[in-house]
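The values are calculated or read from the model by the stated rules, or taken from the named source; none is laboratory data. Quick caveat: nothing in here was measured; it's all calculated off a predicted structure. Note that we place each Cβ from the backbone using ideal geometry, even for glycine, and neighbour counts take in every protein chain shown. Calculation scope for accessible area: heavy atoms of the full protein, side chains included, ligands and nucleic acids excluded. Shrake-Rupley method; radii C 1.70, N 1.55, O 1.52, S 1.80 Å.
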Amino acid sequence: MGFRRPVTIERTSLGTIDDNGRYQKGTMTTLTIRASVQPLSLREQATIVGPDGARNVSYVKIYTDTLLIPQSAAKGQGDAAMADVVQYLGRRFLVTQCDAFQSGVINHYRAYAKEVLADDDT
């Protein structure tokens with residue numbers, strides 16, 4: 001048995017414009033993927049999180065075969081697209097980056113995600 005375990009993802013679909021020109025928010029669906037979720041190393045914390053510590057929220061990295069939608073891809077589209085949210089150990093983590101490692105040997109994605117706090121807009 002591998003290191004990847006079932007993990008629940010919250011994914012919001014694109015919104016639409018109805019016949020009256022009003023924006024209708026996309027719907028949120030949950031899906032289960034297989035992934036390995038791990039805390040960041042000290043070196044990654046220094047480069048990914050930055051010197052301010054981002055309000056001391058927790059960050060994780062996620063290894064999976066599933067392409068996750070990061071916050072950067074959703075930016076500039078208003079509420080039309082939302083980043084994926086990973087549910088892990090009773091907490092929610094917003095995907096901020098997803099990189100493809102597609103060498104043909106062990107194809108996978110590595111994503112980084114930050115904890116969603118109660119006062120966040122996510």
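What the table below lists for this structure:
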| quantity | calculated |
| --- | --- |
| Out of Asp119, Asp52, Asp99, sole residue that is over 20 Å from Leu14 (Cα atoms), acidic (Asp, Glu), surrounded by fewer than 17 Cβ atoms within 10 Å (Cβ to Cβ) and modelled with pLDDT of 90 or more | Asp99 |
| Residue in the stretch 18-45 that is farthest from the chain's Cα centre (by Cα), counting only those that are open to solvent by 80 Å² or more (accessible area, probe 1.4 Å) and within 17 Å of Val95 (Cα to Cα) | Gln45 |
